[in-house]
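Structure first, commentary second.
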Amino acid sequence: MEHDRTHTRAWVLHPEIKSDEQRRVPEPALDEAVALAAALPDLDVIGSEVVRLPRAQAGFLFGSGKIEELGERFRENEVELVLIDGPVTPVQQRNLEKAWKVKILDRTGLILEIFSDRARTREGVLQVEMAALSYQRTRLVRAWTHLERQRGGLGFVGGPGETQIEADRRAIDEQLVRLRRQLQKVVKTRTLHRAARAKVPYPIVALVGYTNAGKSTLFNSLTGAEVMAKDMLFATLDPTMRRVELPDGPEVILSDTVGFISNLPTELVASFRATLEEVLGADLIVHVRDISHEDSEAQAQDVETILTSLGVEDDRPRLEVWNKIDLLSPEDRDATLARADRDPAIFAISAVTGEGVEPLLNEIAKVLQGTRNQAKLTLGFTEGDKRAWLYRQDVVREEEQTEQGFEITVLWTDKQASKFAAL
């Protein structure tokens, strides 16, 4: 049987463990795991299944009968990699790799692989490297036999009899310290960029949502930007900012953020805080949901949980967008539109066809106009600096020259008004 040798033949397993209170609906969970695997360009997913278990076995995760049955299936299909959608301990990983003679990757490992494949900015790359090292460090629980051998030392290289596992761990810790330093420099630069942006009078609108909800498609249609918008989990990893002029409204900066996901590896939640910092500074948060997904409610809940953990206050202005109505059946579509109509903060749209996008933009403009007030100013001919400042801030709506100077109508934020007063 001829296979494409550049691609790895993979099989996805979703263990449904009865005793696990955190367990998700198995079928959508398996679909998501397969979509995660499909996000890696060099994997061919040739099979997937839900494996139901009363409880996880400490050493092997699955029972011996199930291991044998699965092993046979993997041999028949010449599987090289098994992706297990859930946590796998280093011991379970080693035992299963021995039993099945394939490589094992758990959910965290898979997400790390995708993140490292997708990260584009310097900061994103550094954060992924750090997350991967933290993850690797936990795998050094004698996960490989070579780590168990002792190596003598000359005293100054970690002391005599330091085990290879301790040496590897120390090497990882040193690398983490190095990366942390580099990251601090990068974050400092970003803080400077953000400070410069804070001087820009445009309000920031952050698009957030579960991965694959259609944020990037909406972002692209609003900004004409070419952000990667594939039907693929984690298509966007680094926040992308663009300026958008709203119809009859203010200009805004639109920010497209990394997609959220349930059970995001803790290493990544911590390291991707900075990627989501744009959300903390946003004047308005637009939560985009894939309303056609059968697990849409649970996904929305995951997003809310992450926003809370980031420290986003409940009183921050928010709109909810029910995207992908073009994928609903006519009956579901009518019901969804009726439900959305009842709540002024919910908008049913299709980012692909553009349906419903205009009312959404009008509402964004309305919400943000609330942060700007109109005022009339009188400036003398000698106050050229102040007049130039108003034009730089792009707040002048009308200007009339009089004998005394200039009558200027401005539309500005309270912050701009107080800055102007301090000039």
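What follows draws every value from the coordinates through simple rules; no lab data is involved. As the structure is a prediction and not an experimental result, all values here were calculated from the model. FYI the Cβ positions are ideal-geometry reconstructions off the backbone, even for glycines, and counts take in every protein chain you see.
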>> To check you understand DSSP bridge types, tell me what percent of the beta bridges within segment 8-114 (both residues inside) are antiparallel, rounded to 5.
In response: 5
>> Please enumerate, by chain and number, the lysines with C-alpha under 23 Å from the C-alpha of residue 215, excluding those fewer than 8 residues away in the same chain.
In response: 230, 324, 366
> What ranking do 313, 27 get, fewest neighbouring Cβ atoms within 10 angstrom at the top?
Replying inline: 313, 27
>> Straight-line reach from residue 185: which aspartates and glutamates fall under 14 Å, measuring Cα to Cα and dropping same-chain residues less than 8 apart?
In response: 123
> What order do you get for 423, 105 when you list them from fewest to most C-beta neighbours inside 10 Å?
Replying inline: 423, 105
> In percent, how large is the relative contact order of segment 372-422, given Cα pairs closer than 8 Å and 6 or more residues apart?
Replying inline: 47
> Straight-line reach from residue 66: which lysines have a Cα under 24 Å away, not including same-chain ones fewer than 8 places off?
Replying inline: 18, 98, 101, 103
>> Quick check: residue separation of residue 417 and residue 99 times 0.36 nm, minus the Cα distance between them. What number comes out in nm?
In response: 107.5 nm
> D for segment 8-114, whole µm²/s, Stokes-Einstein with Kirkwood Rh over alpha-carbon pairs at 4 °C and 1.567 mPa s: what number?
Replying inline: 94
